[in-house]
Amino acid sequence: MGVLAVVAGIALAAEAAAGVVPIEIDITGLSLAYGDNQSTSSSGSLPKLLYDSHNRDGGTGKPDQATNVGSFAFYSNGVMVGKVDTNQGDFARADVWIPTPPLPFDGTTTTSNLPGRFVFDLLLVNAIPGWGLALTEDQWALRSDSTTIAGDASAVLCSTCQPNQAAIFGLVFDPTRPIHVSFTVTRADDSTDALGAPIYVGSAKITGMMATSSAIPEPASAVLAILGAAGLLGFAGVGRSLCLGASS
């Protein structure tokens, strides 16, 4: 254990010397549904879908295609620098779209591949687009048992989602370094979405690195106001160049 601590310390020191610090977003109240994939672009190979429970469509930064969460808590180097909380009247929604093979629900892990087509976005303003952070993934590892679904993926910043990264509390992910997304949701009751798909509720975590020169905390209200103005001044037609969501 002592050797591991020394190695970890050396690694952290190397990162600090390189001018980067670890950053993290913790998400509470994540609500996902598991149902049939109705997308014409992927249902043939991946017939099931994990999605934010309000709407099966997604990926275009539209608030009405995303689902309220409890909160987004933002950390820099292990210290919380701010929080966006819907219980306090803040705007915080998640837009999730993960096609998958049928999950076995026996405790094993299922790998789902759809290069550049998975969506895990955070929306922070009630505008079109409302992105605070838009992420794209190539592959998910999904572990499911009788009550729980857990997922892990490596992500990149969505290149066509603009504006992306609201720099809330001064935190900006370095696009040249790995970004990791994970979630765990549990089937706590018999609730279903509008199409009858079971709903799972839980939490998620997004981790990565940030160049230290970007670490300048700023009030959340000011950042949200700036991003909201940007959303209203000409970004209404911008979105992923992918066909996502349910077919008409």
Computed over segment 67-214, the ratio Rg/Rh where both radii use C-alpha atoms and Rh is Kirkwood: 0.96
Hey, can you grab everything whose amide H is under 5 Å from the amide H of Gly82? Only 5+ residues off in sequence or another chain; H modelled, so Pro and N-termini drop out. Phe74
The set of residues whose placed amide H lies less than 5 Å from the amide H of Arg117, leaving out same-chain residues fewer than 5 positions away, is Glu137
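Within the accessible area of segment 11-151, what % is carbon and sulfur when the probe is 1.4 Å and the other protein chains stay in place?
48 percent
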What trypsin sites (Lys or Arg not before Pro) does segment 84-172 have in DSSP loop regions with at most 14 other beta carbons within 10 Å? none
Using the heavy atoms of the protein chains and a 1.4 angstrom probe, tell me the accessible area per residue for segment 88-209 in square angstrom. 39 Å²
Provide Lys205, Lys83 ordered by accessible surface of protein heavy atoms (probe 1.4 Å), highest first. Lys83, Lys205
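Below 8 Å between Cα atoms, with a sequence gap of 6+, how large is the relative contact order for segment 103-197 in percent?
For segment 103-197, the relative contact order is 25 percent.
The values are calculated or read from the model by the stated rules, or taken from the named source; none is laboratory data. Remember, it's a predicted structure, so these values are computed and weren't measured experimentally. With ideal geometry, Cβ positions are generated from the backbone for all residues, glycine too; neighbour counts draw on all protein chains shown. When the accessible area is computed, the model is the full protein with side chains, heavy atoms only, and any ligands, DNA or RNA have been set aside. Shrake-Rupley method; radii C 1.70, N 1.55, O 1.52, S 1.80 Å.
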